[in-house]
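The values are calculated or read from the model by the stated rules, or taken from the named source; none is laboratory data. Values in this document were obtained by computation on a predicted structure and should not be read as measured data. Positions of Cβ are generated from backbone atoms using ideal geometry, with glycine treated the same way; all protein chains shown enter the neighbour counts. The area values use the complete protein model at the heavy-atom level, side chains included, leaving out ligands, DNA and RNA. Shrake-Rupley method; radii C 1.70, N 1.55, O 1.52, S 1.80 Å.
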Amino acid sequence: KMLSGVAVDESVVTSFGKIKMGKSLRYCLFKISDDGSSIVVDKEVATASYDDFVNDLPKNDCRYGVYDFEYTAEDGGKRNKITFVVWAPDSAKIKSKMLYASSKDSIKKKLVGIQVEVQATDISEVVHEAVLEKVLRV
């Protein structure tokens, strides 16, 4: 148990491994369980565009997301960066935002291999261009 009292379910680590190693998943969304006791898998998606990922983020609730972000480097080569998104829209309940903020470190510690972190409170902060800008700086 971490500071927030929210444990990270083993399935979260398993899903992350599928993104990181086997490339069998494109992205995962994780949520804090309804009883607030643990972080669990909300959704696993094998083939999808980045826009699909963004569209899957709930309008009025928080999520953690991991996306295998593919982009073209300056040398023209294709690259991937494992990107961790903390989604906390302004419209989410204060309690939810606080819980996700205080539990972020516990999930990050479990997801070894994250290369980019994006904190977003608004769609404009998580659109492809905004994340690409961040990815290119890493």
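Only one of I114, I19 is surrounded by fewer than 19 Cβ atoms within 10 Å (Cβ to Cβ) and either over 13 Å from the mean Cα position of the chain (by Cα) or not in a strand (DSSP E or B) (or both). Can you tell me which? I'd like the intermediate steps shown before the answer.
Values: I19 fails: surrounded by fewer than 19 Cβ atoms within 10 Å (Cβ to Cβ).
Matching residue, one of I114, I19: I114.
For the stretch 99-110, which positions are open to solvent by 30 Å² or more (accessible area, probe 1.4 Å) and among the aliphatic types (A, V, I, L, M)? Break it down stepwise before answering.
Going residue by residue through the stretch 99-110, those that are open to solvent by 30 Å² or more (accessible area, probe 1.4 Å) are 99, 101-102, 104-105, 108-110.
If the condition is that a residue be open to solvent by 30 Å² or more (accessible area, probe 1.4 Å) and among the aliphatic types (A, V, I, L, M), then L99, A101 are the ones that fit.
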Q.
Return the residues of the stretch 74-108 that are free of Cβ contacts under 8 Å to residues at least 60 places away in the same chain, under 21 Å from I19 (Cα atoms) and assigned to a helix (DSSP H, G or I); say none if nothing qualifies.
A. K104, K108
Q | So E125, is it modelled with pLDDT of 95 or more and under 16 Å from V13 (Cα atoms) | A | no
Q. Being surrounded by 13 or more Cβ atoms within 10 Å (Cβ to Cβ) and farther than 27 Å from L136 by Cα, is that true of even one residue in the stretch 51-71?
A. yes
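Residues that are over 27 Å from V40 (Cβ atoms), touching a helix residue (DSSP H, G or I) at 6+ places or on another chain (Cβ under 9 Å), basic (K, R) and open to solvent by 30 Å² or more (accessible area, probe 1.4 Å): does the stretch 75-98 have at least one? Working first, answer last.
Residues of the stretch 75-98 that are over 27 Å from V40 (Cβ atoms), as a first pass: 75-79.
Next, only the ones that are touching a helix residue (DSSP H, G or I) at 6+ places or on another chain (Cβ under 9 Å) stay: 79.
Right, trim to basic (K, R) and you get 79.
With open to solvent by 30 Å² or more (accessible area, probe 1.4 Å) added as a condition, the list becomes 79.
Yes, there is a match, as at least one residue in the stretch 75-98 is over 27 Å from V40 (Cβ atoms), touching a helix residue (DSSP H, G or I) at 6+ places or on another chain (Cβ under 9 Å), basic (K, R) and open to solvent by 30 Å² or more (accessible area, probe 1.4 Å).
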Q) Any idea which residue in the stretch 85-109 is farthest from the chain's Cα centre (by Cα), counting only those that are more than 22 Å from Y50 (Cβ to Cβ) and of a type in the set (A, V, I, L, M)? A) I94
**Q.** Count - residues of the stretch 46-82 that are under 23 Å from V6 (Cα atoms) and touching a Phe, Trp or Tyr at 6+ places or on another chain (Cβ under 7 Å)
**A.** 7
Q. How many residues does the stretch 28-50 hold that are open to solvent by less than 70 Å² (accessible area, probe 1.4 Å) and assigned to a strand (DSSP E or B)?
A. 11
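Answer with yes or no whether V6 is under 13 Å from the mean Cα position of the chain (by Cα), closer than 20 Å to K104 by Cα and either at pLDDT 95 or above or surrounded by 13 or more Cβ atoms within 10 Å (Cβ to Cβ) (or both).
No.
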